[in-house]
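The values are calculated or read from the model by the stated rules, or taken from the named source; none is laboratory data. Quantities reported herein were computed from a predicted structural model and do not represent experimental measurements. Heads up, the Cβs are rebuilt from the backbone with ideal geometry, glycines too, and the neighbour counts pull from every protein chain shown.
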Amino acid sequence: MTIPNLKHSPKDSSGLSHRSFISYEFRLSTSILLIAIIASFCIPISCEKKNSSFTAKERQSIDSFILSAPSIDSLSQLQKELEKKGDKLGSIVALRQWGKKLRDESRFEEALRIHSKGQEQAEAIGDTLEWVQALNNIGTDYRRIGVLDVAQDYHYRAWILSKECSDTSFTAKKNYVVSLNGLGNIYLTLGNYERADSTFRLALKGEQQLNSTIGQAINYANLGSIFEHYEKTDSAWVYYLKSMDLNTEIENDLGKSLCHTYFGSLYEKAKQYDKATKEYETAYQLMKASKDEWHALNTLIALAGIYHTTGNSTKEMKYLNQAKLTAERIKSPEHLAEIHTLYYKHYMQTGDYRSALVSFEKATALQDSVLNMEKLNRIQNTSLNIERNRQMREMDAAKHTLEQERAARKTGFAILSFALLILMGALIMFLYIQRIQRRNHLELKKMAAMRENFFTNITHEFRTPLTVILGLSHDLQKVDKEEIKRKAQDIERQGKGLLALINQLLDISKIKSAIGKPDWKNGNIVALLTMIVDSYHDYAHSKKIDLQIHASGEIIMDFIPDYVIKVMNNLLSNAFKFTPAYGKVNIRVKSENQQLYIDISDTGKGMSKEVISHIFEPFYQDKSDVHNIGTGVGLALVEQIIQAVNGKITIESEIEKGTTFHISLPIHNRCQQPTNLNIVPPIPLPPEAKEKLIDDCDEESDCRLLIIEDNRDIAAYIGSLFINDYAVSYAENGKEGLEKALELVPDLIITDLMIPELNGFEVCRQIRSNEIINHIPIIVVTAKISKEERIKGIEAGADAYLCKPFNADELQTRVEKLLEGRRLLQEKFAKLSIEPKKNEEQENYSTKDIDMQFLTKVSSIVYMQLSNNKNTEVSVIASNMCMSSRQFYRKINMLTGYTPSAYILRLRIKRAKTLLGNNPSINLNDIAIKCGFSDYSNFVRAFKTVCGITPSEYRRENCP
């Protein structure tokens, strides 16, 4: 019995030959056609399937035999033996009871599998009685899982079969009533109470005719739930008490437990919480011995809810945590939605707003998964389709009688037409196959060649991270213990790169060409090249190789970031491979005559002219190399990419003098995508402009970003992403960044880890320990991406951690979401400045909420100044807070969304509201003076601006 809410609440064709492919298409199309034809004849035949010829005595005998099996394991063994012996009815009955026992232990997915197998066997032998029982059991299983649309379909099919069945035995009638009960429970869950009421009353009438006590108890309880929804408490009591009497008569502990839960719900709605708690505890004690965890969840949730209402947080969390573990174990989204709703209420009550938001989002997502609009539409459409199909069958039956009279003269014509239709279809298919035969053969060959080329290219990319991993692993055998950790981190990073390449290999469906789908962007390519080179500095240092990049300013052009990364990774990996210790690897970037030139040079062993002539051939190996190390296909991939973007790549090398790769690309600026990569270099502000900027901050609440990065190109690149929407400031080291943070009090800080003076970790720590700027969100952007570094960053106070080279969209989204979070907090804190509370002078908030502590401190100082008849100007309050006026302005504005003057005014009005509510006899002029208003008319005007009514009107409404 479902209580909706206790609060009433095929093979790849490329693997076939061309001839086989055509034959496969022909066979497939012909098979589909034949299946459709056969199905059209077989559908009415299946509807006329006759019942099997088992007698009532045979059924009773096998039922008694199966029911003697005491456990799930014994039923499983018994069913296998009966199926092996060929006892079809015995096997079906054993499957039915086996599935029920699994469901009683809340093992719904296993029960569904067993009942589905029973349905297949019953349908195969045409046993309507067992078929209907299997359909009802499957519907109940789906209802317990929360898949209501599928559950409705099975109960509806069971009801139709029962209704059309000519059997008048007890079992047949019981099947009819059970299907009605299942449908009623679904309507009840959906909130269709009128349809649920009529369905349950039909089910109750059937149970009374069958003299089924437990059936009547179930339906009385369901009808009581409907009356409770309509707030007809007296009627609800009548039906619940009838259900309790019947359950007591047959000593049904589960039914009695559910009735006690219903009683508790009625008491709770009447605010008789002691009686409600007693009823819930009684229900819980009765349910303890049961393995039916699905029903037990209702009682646990009810207990958690009543203890939430009565303020007993200890017992509330005890039952709520127990309910959560049970619901997660049996995978019940319906119960989990209620549980997370209670968590949300608990956390809101205790002031833990972050946890409350998480619980609210979980509850909403779970509720949507149980009953969203799409599912409601599917359920309604299922009902309409089923009813429409039933009506169609009735119409078809009437038409069938009429068509029989015309069948004799139409049969020949129909057969001829059908034959002509088949012939025409075959002819059209043959002509179509002839037409595509030539093209198909070429396309298959082209596809096979493309796939082979793709797998060759992408597999070689594994060599890039493996080069780094093997090099560092070799170094680990020589270095001191202090260096092992850092090198292990580098190995882990390159291993993750290798994993990314494997994932790319597996995701073949996204490859639109031999080198991937081009995704053009427009921006400063120098910034991207700088970040790629920056990610190799640690590895270069470990190999004792000097790695440098030289660029002649910014170069704005169209480019494909993924191609740039692949080319640079392959060329840099190749350079490091053949460069000895204390060698150099240099990258030079310049633009000239609308051409971009990139030179990657190394001081390695160089190459002979013979090797150079074959360097871009896949799997070419230098026979003069004693180690027989081949160039593989990495450089072949590089050449393919360069050619794809209309560029050129050449090589210059001498033995023992090194190698230089020269790349030239045309510069275009035709990309239609947003120019997220346009770089605007930071321009130092003159002193007078700087002072003006600070003055403007006192008048406006512009959103400010501070970027702490010692690499000018990367800093400019990050700044360009936000320059159009935010006021962006820059700092080149940690110390300067901390000073600017204190000076400007920005809305958000983006910092690198490896910066001079103070590193990024120390910057985070000092910001979090400073009362003026501890509220500022911090995003760390760095080439250090090991798990340990991430943990350190979070421990130091970072709100987000991104690795270089980063995705611009991800960074922008991170910034927007963090600032959005601050805006939500502004709304919360702003409300607190208006809503008066008891003992306001001694408000005490959670010490974990540093922002609230700051605002509480401000409130205390303002109230102290008012109590001593002292000045409450912004400069005075800021001085008492040991802050400058500008710092105080930025801090208050970021926390509340108000200017300091407006916030202090709201605190004064808040004090006035408290005095008006607590002191009905005090004169309004005295209240104005106590709240720092020397002129009464100014007080009235300010009060009405903030509250919407005058002080006297507020007193009349709140102090009758």
* Asked: Restricting attention to the stretch 202-238, which residues are over 14 Å from residue 184 (Cα atoms) and among the β-branched types (Val, Ile, Thr)?
  -> 213, 214, 233, 238
* Matching option when the condition is among the β-branched types (Val, Ile, Thr) and either over 17 Å from residue 115 (Cα atoms) or touching a strand residue (DSSP E or B) at 6+ places or on another chain (Cβ under 9 Å) (or both), among 171, 140, 128 -> 171
* Asked: Restricting attention to the stretch 709-725, does a residue exist that is touching a strand residue (DSSP E or B) at 6+ places or on another chain (Cβ under 7 Å), farther than 21 Å from residue 803 by Cβ and aromatic (Phe, Trp, Tyr)?
  -> no
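Tell me, yes or no, whether the stretch 604-614 has at least one residue that is touching a Gly at 6+ places or on another chain (Cβ under 9 Å), of a type in the set (A, V, I, L, M) and at pLDDT 85 or above. Steps first, answer last, please.
Going residue by residue through the stretch 604-614, those that are touching a Gly at 6+ places or on another chain (Cβ under 9 Å) are 604-606.
Add one more test, that the residue is of a type in the set (A, V, I, L, M), and what stays is none.
No; the residues of the stretch 604-614 include none that is touching a Gly at 6+ places or on another chain (Cβ under 9 Å), of a type in the set (A, V, I, L, M) and at pLDDT 85 or above.
Considering only residues that are within 24 Å of residue 792 (Cβ to Cβ) and either at pLDDT below 90 or part of a loop (DSSP other than H, G, I, E, B) (or both), which ones fall in the stretch 717-733?
Start the filter on the stretch 717-733 by keeping residues that are within 24 Å of residue 792 (Cβ to Cβ), which leaves 718, 731-733.
Within the stretch 717-733, 718, 732, 733 meet the criteria.
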* Quick one: count up the residues across the stretch 747-770 that are of a type outside the set (A, V, I, L, M, F, W, C), more than 31 Å from the chain's Cα centre (by Cα) and assigned to a loop (DSSP other than H, G, I, E, B). => 5
* Structure fact -> Within the stretch 197-244, of all residues that are within 22 Å of residue 271 (Cα to Cα) and outside any helix (DSSP H, G or I), the one farthest from the chain's Cα centre (by Cα) is 232
* Asked: Do we have residue 83 as on the phi < 0 side of the Ramachandran plot and at pLDDT below 85 here?
  -> no
* Is the stretch 115-131 home to any residue that is in a helix (DSSP H, G or I), surrounded by 22 or more Cβ atoms within 10 Å (Cβ to Cβ) and of a type in the set (D, E, K, R)? -> yes
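Determine, yes or no, whether residue 635 is among the hydrophobic types (A, V, I, L, M, F, W, C) and either at pLDDT 50 or above or farther than 21 Å from residue 588 by Cα (or both).
On the way: among the hydrophobic types (A, V, I, L, M, F, W, C): yes; either at pLDDT 50 or above or farther than 21 Å from residue 588 by Cα (or both): yes.
So residue 635 fits the description; yes.
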* To do: Could you tell me which numbered condition residue 420 fails, if it satisfies all but one of (1) in contact with a helix residue (DSSP H, G or I) (Cβ under 8 Å, 6 or more places away or on another chain); (2) modelled with pLDDT of 75 or more?
  => (1)
* **Residues located in the stretch 300-318, provided they are surrounded by fewer than 23 Cβ atoms within 10 Å (Cβ to Cβ) and touching a Leu at 6+ places or on another chain (Cβ under 7 Å)** => 308
* Asked: (1) touching a Phe, Trp or Tyr at 6+ places or on another chain (Cβ under 7 Å); (2) modelled with pLDDT of 85 or more: which one isn't true of residue 792, the others all being true?
  -> (2)
* To do: Please enumerate the residues belonging to the stretch 565-582 that are farther than 15 Å from residue 534 by Cα and surrounded by fewer than 20 Cβ atoms within 10 Å (Cβ to Cβ).
  => 577, 578, 580, 581, 582
* To do: Identify all residues within the stretch 60-80 that are modelled with pLDDT of 85 or more and of a type in the set (D, E, K, R); write none if there are none.
  => 73, 80
